[in-house]
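Just below is one structure, and these are the notes that go with it.
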Number of protein chains: 2
Amino acid sequence: MNAEIIAVGSEMLTPERLDTNSLWLTNELNDLGVEVIAKHIVGDQRERLAGEIRRAMDNAEIVIVSGGLGPTEDDVTRDSAALALGRAQAYIEEIARGIEARFARMKRIMPETNRRQAMVIAGAEILFNDRGTAPGQWIPFENGVVTLLPGPPYELKSMFTRECLPRLRGLVPPTVIRTLTMRTTGMSEAALDEAISPIYSSYKKITTTVLAHNSDIQIHFRARCPSDAEANALLEQIRPKIETALGDFIYSRNADPLEVVVGRKLQAAGATLSVAESATGGGLADRISSVPGSSAWFLGGMVTYSRRLKVELLGIPADLIDRCGPVSSEVTAAMATAARARTGATWSIAVTGNAGPTTDGDSAGLGDFYVGIAGPAETTVTHRVWPSPDRMRVRAFAAQLALDLLNRKLGR
Amino acid sequence: MNAEIIAVGSEMLTPERLDTNSLWLTNELNDLGVEVIAKHIVGDQRERLAGEIRRAMDNAEIVIVSGGLGPTEDDVTRDSAALALGRAQAYIEEIARGIEARFARMKRIMPETNRRQAMVIAGAEILFNDRGTAPGQWIPFENGVVTLLPGPPYELKSMFTRECLPRLRGLVPPTVIRTLTMRTTGMSEAALDEAISPIYSSYKKITTTVLAHNSDIQIHFRARCPSDAEANALLEQIRPKIETALGDFIYSRNADPLEVVVGRKLQAAGATLSVAESATGGGLADRISSVPGSSAWFLGGMVTYSRRLKVELLGIPADLIDRCGPVSSEVTAAMATAARARTGATWSIAVTGNAGPTTDGDSAGLGDFYVGIAGPAETTVTHRVWPSPDRMRVRAFAAQLALDLLNRKLGR
């Protein structure tokens, strides 16, 4: 079965914005055994969008339209789909009341324009939006179905998963796709691919995808078979070979990111963690605390971005900073040790560095950073240099290395 | 004048790949005053691509097709364009000799399949490829032009710049595009649009785009005129009307985000900032310190994610937390005041809240959060509720509100 995806919104026709919803949707559709045969991005133009939907209906059984369901004048998707299908729309009071209630919960009054979102095309099933005001629509036609979804990824993903997937499973003949995911850190994408491509390229029924983001790499092995047993058996064949090739660069045998893996180990050990951040400026704490339930192991810590707070909050001797420089092995070790002492955590991580565009003192160069880990037995410091002076990348890489180092100390 | 862009290649219909050539092309076209009205991504299917090109020719004067000009069986762009235009193709010996020479320079023999790249559509001008084997084609038709370009960005950019830009300048009447950007926070997209659409919709030469991300909204007004002076005059006409309509919801009169605006004001006043974060877990500090040069105004602060660190690092009385709950106006005010006292900053921001999935005590519900701002004159606390219990959104919204409140206190 085939699908076409139409993303609606003039902002995606500017030089700055891409439609990324379609990547996620494509993955979901592929998992069902549905092929995406074309994608379109069109502006907020009623007739042009109607023409696009009409054409997609001629080519594919599944037409997914995302965006343009908002309350404003330039949200044309409802009208365009009605035009393409040659059907009328009706105002559904119940939807309007639901939107009104949502505004009321936020202690606001619904603008009149939001009533547009209560218009529904004849023959459509309404798709509930649990994360925004715009309801979606599921509109069967002679050869398939047109689905209207909201544009914001956060709303679209929830609606597609809850409302569309079960309906699509009813339409699409069963194919089983099983995925094995691994995550690594500390290895370049090229080196990783060189290590595993001789393995995966000999499995014709497995599609392998390598996705690198900063120094974090996700590898997906997707086996597509007529039965569950076959798919699982295939993945169990490839798994040990990949594990041997990548060794302890693998930190996760599913999609869990480092902060989740570390958190799980800490929680299992009844241990706690605190941080003392300079270069990462809160980004490491942000990542650790982004994990739901992280209050079980994460105590918090200090963002000692300035020299003053290094001295006052952590008690780092001013003359140590003067002597060694704020970005140094000595100061990083002292920060980690002090953070551990002052917060009473089992483990503490300290990060210093020069993310750029300028350096903090001249003890270290641009792109230099240090990670200190204080634990029950000792405090260790690791020094790295990020070759290109990109502020956001240096910060992200430092946070990643910090979690990687702690993860290795925590063992299996 | 309008353009449509068609990217050809089945690999861009997988979950991993996006067409990014179109962003670069869009920028080049906009600079000429050409609007991109739709983008398409299609697989390597002769008839389907022909249909797509045909349709684009009906809608736009400029049709750019990228990719599918290679030598293999699944490179269908030449055939599809010939089909769409209803024209024959001819083998041009001179092109074949050029490709052969290129192979010879690399000390290789041209595979026979490469002769396909020497097929040219009747009426086409040949576009020289200085970085690969596939020549492009410039094919005028009754209402405009179809251009075939190679897919690799490195080849496409060179060919477009050398061969297409001069030709397009001959086609397109001279136009200037000037952009006015504003950013707002604290207003819903619908309310904002209700306020400004009566204004912008009366300016036919201005294209308005509203981009919302969490509670941060960017508005772009793009004026397209025959001359620079006219475009600027038009924007200066609309500017005061929009400013009146949106008032102090506007925090930026360019693309600068809140953390940059706040930082600039702090620096101008010689003031400093520190934070005491609970709910946002480092995310607020991360945002503030993401600004290059932020060490001039940002001292750092505490991530008091646990009750223990609220007591030990900030000195919040344990009985205040017991009495009022960790997520409360009282504790938030105490955190902000203590952070200011302990860091010596001019301003301190404290954030507490329940981002979910569970609440920290029962003093407040899921989605409840408090922002406290301690300044030279007073400490104030603001309470908000985020209606849907999404952890990342509550955290992002709380950080945004915190910066918004501080920005308002800092004045113009």
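The values are calculated or read from the model by the stated rules, or taken from the named source; none is laboratory data. All values derive from a computational prediction rather than experimental measurement. Don't worry about glycine lacking a Cβ; one is built from the backbone with ideal geometry, like all the others, and counts go over all protein chains shown.
The table for this structure:
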{"quantity": "B:Ile242 vs. criteria within 23 Å of the chain's Cα centre (by Cα) and within 13 Å of chain A (Cβ to nearest Cβ)", "calculated": "no"}
{"quantity": "Criterion violated by B:Glu28 - all others in (1) within 9 Å of chain A (Cβ to nearest Cβ); (2) modelled with pLDDT of 95 or more; (3) surrounded by fewer than 24 Cβ atoms within 10 Å (Cβ to Cβ) satisfied", "calculated": "(2)"}
{"quantity": "Considering residues of the range B:6-22 that are crowded, with 18+ Cβ neighbours inside 10 Å and facing chain A (nearest Cβ under 7 Å) only, the residue nearest to B:Gly151 (Cα to Cα)", "calculated": "B:Leu13"}
{"quantity": "Pairs where the first residue, in the range B:144-156, is within 10 Å of B:Leu69 (Cα to Cα) and the second is of a type in the set (Val, Ile, Thr) and part of a helix (DSSP H, G or I), C-beta under 6 Å, 6+ apart", "calculated": "B:Leu148/B:Thr77"}
{"quantity": "Failed item, numbered, when B:Arg308 is tested on (1) buried (at least 21 other Cβ atoms within 10 Å of the Cβ); (2) at the interface with chain A (Cβ under 8 Å from one of its Cβ atoms)", "calculated": "(1)"}
{"quantity": "Neighbours by Cβ (under 8 Å, 6+ apart or cross-chain): first from the range A:221-249, in a helix (DSSP H, G or I); second among the basic types (Lys, Arg) and modelled with pLDDT of 95 or more", "calculated": "A:Asp248/A:Arg408"}
{"quantity": "Every pair of residues 6+ apart whose Cβ atoms lie under 8 Å, when the first sits in the range B:282-300 and is more than 7 Å from chain A (Cβ to nearest Cβ) while the second is assigned to a loop (DSSP other than H, G, I, E, B) and among the hydrophobic types (A, V, I, L, M, F, W, C)", "calculated": "B:Trp297/B:Ala271"}
{"quantity": "Odd one out for A:Thr280 among (1) farther than 23 Å from A:Trp347 by Cβ; (2) in a loop (DSSP other than H, G, I, E, B); (3) β-branched (Val, Ile, Thr)", "calculated": "(1)"}
{"quantity": "Residues of the range A:36-62 classified as among the β-branched types (Val, Ile, Thr), within 17 Å of B:Asp44 (Cα to Cα) and more than 10 Å from chain B (Cβ to nearest Cβ), total", "calculated": "0"}
{"quantity": "In the range B:153-196, residue modelled with the highest pLDDT [restricted to those that are outside any helix (DSSP H, G or I) and small (Gly, Ala, Ser)]", "calculated": "B:Gly186"}
{"quantity": "Residues (part of a loop (DSSP other than H, G, I, E, B) and in contact (Cβ under 8 Å) with a residue 40 or more places away in the chain) located in the range A:201-216", "calculated": "A:Asn214, A:Ser215"}
{"quantity": "Sole exception among (1) surrounded by fewer than 24 Cβ atoms within 10 Å (Cβ to Cβ); (2) closer than 15 Å to B:Ser274 by Cβ; (3) at the interface with chain A (Cβ under 10 Å from one of its Cβ atoms) for B:Gly315, by number", "calculated": "(3)"}
{"quantity": "Selection from the range B:172-207 of residues that are over 26 Å from A:Arg131 (Cα atoms) and either at the interface with another protein chain (Cβ under 9 Å from one of its Cβ atoms) or within 17 Å of the chain's Cα centre (by Cα) (or both)", "calculated": "B:Thr179, B:Leu180, B:Thr181, B:Met182, B:Ser201, B:Thr207"}
{"quantity": "Residues that are in contact (Cβ under 8 Å) with a residue 24 or more places away in the chain and at positive phi, drawn from the range B:85-133", "calculated": "B:Gly123"}
{"quantity": "Residue match in the range A:63-74 (condition: in contact with a Phe, Trp or Tyr (Cβ under 9 Å, 6 or more places away or on another chain), more than 10 Å from chain B (Cβ to nearest Cβ) and of a type outside the set (S, T, N, Q))", "calculated": "yes"}
{"quantity": "Only one of A:Glu28, A:Glu73 that is within 24 Å of the chain's Cα centre (by Cα) and farther than 17 Å from B:Ala38 by Cβ", "calculated": "A:Glu28"}
{"quantity": "Residue match in the range A:328-340 (condition: surrounded by 19 or more Cβ atoms within 10 Å (Cβ to Cβ), within 13 Å of chain B (Cβ to nearest Cβ) and small (Gly, Ala, Ser))", "calculated": "yes"}
